[in-house]
Protein chains: 2
Amino acid sequence: MKIIAIDKVDKKKVEMEGAHGAWKQLPLGSSDGAPVYSFRVFTVEQGGNTPFHSHPYEHMNFIIEGQGVIVDETGDERSVKAGDFVLVNPGEKHQYKNISTDKVFRMICGVPKEFE
Amino acid sequence: MKIIAIDKVDKKKVEMEGAHGAWKQLPLGSSDGAPVYSFRVFTVEQGGNTPFHSHPYEHMNFIIEGQGVIVDETGDERSVKAGDFVLVNPGEKHQYKNISTDKVFRMICGVPKEFE
């Protein structure tokens, strides 16, 4: 059993092309012996965003705090806020943006452990 | 892509033996096309608990709100609170209890979709 508070997990800046003001944590993953899935946390600063991209595996998201939008395949922006769950299907283009001017946007992003 | 607010998801009482005052939701699961994992949410009322049991698959938990304890294999109680992540390994005995007298305890419980 592993128990860890989110504030105790190392935070690294996301250096991927197209990411701005985004930080990554890995509270539960393969190095903890997670058998199937990994739980990552992304924190997006005010005005920041994750890359607009797709990949062959899904995202299972839960918005922990803040308010933002997720851009879908067509370029449409859909609102998301704390307490929302999002399933991004494998191959589906997506991007998260923090639309707040004064609060961070923070979410869990679950993926198969091979892609953590 | 599926987006759903936790408050819009049906809630069912957990009827499993040993559960008291526990409610289950399934915001993202196999019926949504989730390829690998399912995200369930359990809400435990004041003084309530989940069963003390084990099973051959893991739990990946995130505490959304409240304060409680998780009972481990030895019977020891470890504190957990909003913002904590917990990995319960396959086969490891565990139980969540809400120790608050005035607030619910709510957590995400991720499992392989076959066991949702």
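Just so it is clear, none of the values below were taken in a lab; they were calculated from the coordinates. All values reported here derive from a predicted model rather than from experimental measurement. Every residue, glycine as well, gets a Cβ built from its backbone with ideal geometry; the counts of neighbours run over all protein chains shown.
Between the stretch A:1-37 and the stretch A:57-116, the C-alpha centres lie 15 angstrom from each other. For the stretch A:6-115, with the dipole built from +1 on Lys and Arg beta-carbon atoms and -1 on Asp and Glu ones, taken about the Cα centre, which of A:F52, A:Y96, A:A82 lies farthest toward the positive end? Comparing the listed Cα positions along the dipole, A:A82 ranks first.
The B:H20 and A:E65 beta-carbon pair, evaluated with R₀ = 30 Å, returns a calculated FRET efficiency of approximately 0.50.
Only Lys, Arg, Asp and Glu carry charge here, each on its Cβ (+1 for the first two, -1 for the last two); on that basis the protein assembly as shown has a dipole of about 320 debye about its Cα centre. Put in order of Cβ neighbour count within 10 Å, fewest first, the listed residues B:I6, A:I108 become B:I6, A:I108. Apply the a/c threshold of 1.5 to the C-alpha gyration tensor of the protein assembly as shown and tell me whether it is rounded, prolate or oblate. It is prolate, given that a/c is not under 1.5 and a/b is the larger ratio.
Name the shape class, rounded, prolate or oblate, that the alpha-carbon gyration tensor gives for the stretch A:1-73, where a ≥ b ≥ c are the square roots of its eigenvalues, rounded holds for a/c under 1.5, and otherwise prolate holds if a/b is larger than b/c and oblate otherwise.
Numbers: a/c = 1.86, a/b = 1.43, b/c = 1.30.
Prolate shape, in that a/c is at least 1.5 and a/b is the bigger ratio.
Sorted fewest first by neighbouring Cβ atoms within 10 angstrom, B:E65, A:E114 come out as A:E114, B:E65. Using θ = phi - 60° in the Karplus curve 6.51 cos²θ - 1.76 cosθ + 1.60, the 3J(HN,Hα) couplings for the stretch A:89-105 round to 6, x, x, 8, 6, 7, 7, 9, 10, 8, 9, 7, 9, 9, 9, 6, 10 Hz; x is entered for Gly and Pro.
Each label point was placed 7 Å from the Cα along the Cα-to-Cβ direction; for B:K13 and A:D102 their separation is 4.4 nm.
Roughly how many debye, to the nearest 20, is the charge dipole of chain B about its Cα centre, given +1 on each Lys and Arg Cβ, -1 on each Asp and Glu Cβ, and no other charges?
Values: 14 positive and 17 negative charges, 79 e Å.
Dipole size: approximately 380 debye.
How high is the relative contact order of chain A, in percent, counting Cα pairs under 8 Å that sit 6 or more residues apart? Display every interim value, and only then the final one.
Numbers: 294 pairs, mean separation 34.8, N = 116.
Once divided by the residue count of chain A, the mean separation gives 30 percent.
Charges were assigned to the Cβ only: +1 to each Lys and Arg, -1 to each Asp and Glu. The resulting dipole of the stretch A:71-113 about its Cα centre is roughly 260 debye. Taking amide H as placed 1.01 Å from N in the peptide plane, the amide H of A:R40 sits under 5 Å from that of A:C109, A:G110, A:V111, each at least 5 places away or on another chain.
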